[in-house]
Each structure stands twice: as C-alpha cells, then as structure tokens.
Amino acid sequence: MTTPLDFNRHPCFNAKVKGLYGRVHLPVAPKCNIQCNYCNRKYDCVNESRPGVTSTVLTPEQALYYMGRVLEKEPRISVAGIAGPGDPFANGDETLETMRLIRREYPETILCLASNGMNLSPYVPELAEIGVSHVTVTVNAVDPEVSKNIYSWVRDGRVLYRGRQGAELLLARQLQSIRELKKHGITVKINTIAIPGVNDHHIIKVARAMRDLGADLFNCMAMYPNVDTVFENIPEPSRIYMTGIRNEAEQYLPQMRHCTRCRADAVGLLDDDRTEEMRGCLSACAK
Ligand code: SF4
Ligand code: SF4
C-alpha cells in the first residue's frame, strides 16, 4: 500500500522531490523471460547509462550489505529498487528475498520494482505484504498486432512463444498484473518505449487503456537504438517528438517527464548520480 509519505519521498513518482531524495537499484535479477527487440544486455560499458546494464550482479545478502554502504555515503537515498539487469520476476526468489531483507533492516526505505509484467501477477499479494509500494510495468502496446513486432520471444516456464502468440500472452499477463497491483493498493507507473514506425502511432491508446486500468503515472520514453539489436537502425525519436506524444498522452494520465533512463545499478539522486563513484563498492560487495 502506498502512503502519502511514500509518494512525497519517491523522486521518480514525484518530480518535486528529485533534488531531495535518491534511489539505489540493487542488481539482483540477471535473467529475463522475454526478449525486447531494442534490448541488448550483453554489453556493459561503464560509460553506458541505460536500463539493462550493470557492472555487477549481487545476491540478496550482498544487496543488503551494499545498501548499508550506500546509505553511509548517501543518506538521501529513500528508495531501494530492482530494475534488472533482467526482470525481477524471472528471478522471483532473489527479488522477494532482497525486498524482505531491505524491509527488515531499513523499514523507512520505499521499495520499488520495475518489470515487463510477464510473471508479476502471482507475486503481487506477497509484494503487498512485504510493503512494496511502487511498481513500474513496461507496456509497449495494447494490441498484439503491434506488439508482435516488438518482442522476439516470450518465455513461460520452459515454453517459448514467438510472434502473435507470444504478444497475446504477454499482454494478457501485463493487464492481469496491473489489475492485481491496483487491487492491492500499489502505485503503478507505466513505461512505454516509443519506437518510430513500430508503436509510436499507438501510444495514446496505451495511455488510455492504462488509465482505464487505474494506473497512476505514465512514462513515455524514447527508444535508444542499441547496437546488435533488431531495432539498431531505427533512429531515436527527437525531444520535440517526445514532447508532442507526452502532451497528448497527458489527457489520460499524469506524465513523468524527468526520467533519466537509469542503469540497473544506478545510485544517487536523479540530478546528482553517483553510480560511478559507487562502482568499486558495488563490486567489493559482490565478493
Ligand atoms: Fe531487456 Fe527488460 Fe526487455 Fe528483458 S524486459 S529484454 S531486460 S528491456
Ligand atoms: Fe526513476 Fe526513470 Fe531512473 Fe527508473 S529509470 S529510477 S523511473 S529516473
């Protein structure tokens, strides 16, 4: 359940406090259960700042230890989140254990997760019980005819689905997850990646459908054309183009306009990122 106090201290969900509070991403979730055509998790260039990238993967116990070191250096951290480098619910045990440990040792910390929604729904009651208050679900389309071009495959257990079948399954799971999150009083942000020529004509429909499901915030992000991906030759949408989409989507949901597309091991304030400075500490905690 999200309380007003939580909302006031989350720098992503409340732009007014982004200069006061920060977040740490705990990279405990290396595996992913889908393949987005814009994602390449192979590379970890230390100069690279984008989701899916981390220099180190931690166990839940290491993440707890790391959290303590982070808070010593940056006490303005109010949020502990898991944003990969894969999907938190393709690594469900590690995700739940990390959230539990942080809740126990640092009860004031806001707990936050970012997922593709494929395997999220069964975990929601437990997330609510632990006190995870903020969840982001990335929904790039609400029509499988559109999303079948965005994902190479979707994995459910041991079965791999491709094309329209995979797109239908993923969408059904995402909608179910969002409904479940809202039923449990969790604040939900929707991330939508704008991919020119693929889903950019469809984003307003996504915003409307998410409003109808009770989502709280909409974060439309420009696709970054990562090398060695299916979409590597699609140009990144311009700022002006993104402003137009966000302004239109705003008729349905409040917009997040200050997202900095953080790495899976990001730490610090959004305006005062300390990921580089903490890199040594992060790798030391993994030993
Ligand atoms: Fe990459 Fe995230 Fe997509 Fe998985 S869900 S393929 S980690 S962008
Ligand atoms: Fe916040 Fe965006 Fe960074 Fe996620 S990627 S922590 S929403 S600024």
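The values are calculated or read from the model by the stated rules, or taken from the named source; none is laboratory data. No experiment lies behind these values; they were computed from the predicted model shown. Glycine gets a Cβ as well: all are built from the backbone with ideal geometry, and neighbour counts include every protein chain shown. Note: areas computed on protein heavy atoms with side chains; ligands, DNA, RNA excluded. Shrake-Rupley method; radii C 1.70, N 1.55, O 1.52, S 1.80 Å.
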Looking at Thr192, Thr229, Thr275, which is the one that is within 16 Å of ligand 1 (Cβ to nearest atom), open to solvent by less than 30 Å² (accessible area, probe 1.4 Å) and assigned to a loop (DSSP other than H, G, I, E, B)? Thr229
Restricting to the range 195-217, count the residues that are open to solvent by 10 Å² or more (accessible area, probe 1.4 Å) and β-branched (Val, Ile, Thr). 2
What's the number of the condition Asn8 fails, among (1) modelled with pLDDT under 95; (2) closer than 26 Å to Thr187 by Cα; (3) buried (at least 16 other Cβ atoms within 10 Å of the Cβ)? (3)
Across the range 242-272, what is the number of residues that are free of Cβ contacts under 8 Å to residues at least 40 places away in the same chain and either within 16 Å of ligand 1 (Cβ to nearest atom) or not in a loop (DSSP other than H, G, I, E, B) (or both)? 5
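Determine whether Cys220 is open to solvent by 40 Å² or more (accessible area, probe 1.4 Å), hydrophobic (A, V, I, L, M, F, W, C) and within 26 Å of Arg9 (Cβ to Cβ).
So Cys220 does not fit the description; no.
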Selection over the range 180-189 where residues are in a helix (DSSP H, G or I) and surrounded by 15 or more Cβ atoms within 10 Å (Cβ to Cβ) yields a count of 3
I'm trying to understand the selection: among the residues of the range 253-272, which are over 17 Å from the mean Cα position of the chain (by Cα) and open to solvent by 50 Å² or more (accessible area, probe 1.4 Å)? Pro254, Asp271, Asp272
Where residues in the range 22-35 are more than 13 Å from the chain's Cα centre (by Cα) and open to solvent by 20 Å² or more (accessible area, probe 1.4 Å), which of them is nearest to Ser152 (Cα to Cα)? Gln35
Unmet criterion (only one of (1) in contact (Cβ under 8 Å) with a residue 12 or more places away in the chain; (2) surrounded by fewer than 19 Cβ atoms within 10 Å (Cβ to Cβ)) for Ile150: (2)
Determine whether the range 107-127 contains at least one residue that is aromatic (Phe, Trp, Tyr), closer than 23 Å to Val24 by Cα and at pLDDT 95 or above. yes
Residues located in the range 157-173, provided they are in contact (Cβ under 8 Å) with a residue 40 or more places away in the chain and open to solvent by 50 Å² or more (accessible area, probe 1.4 Å): Arg173
Applying the selection to the range 109-126, what residues are under 15 Å from Cys12 (Cα atoms) and more than 9 Å from ligand 1 (Cβ to nearest atom)? Thr109, Ile110, Leu111, Cys112, Leu113
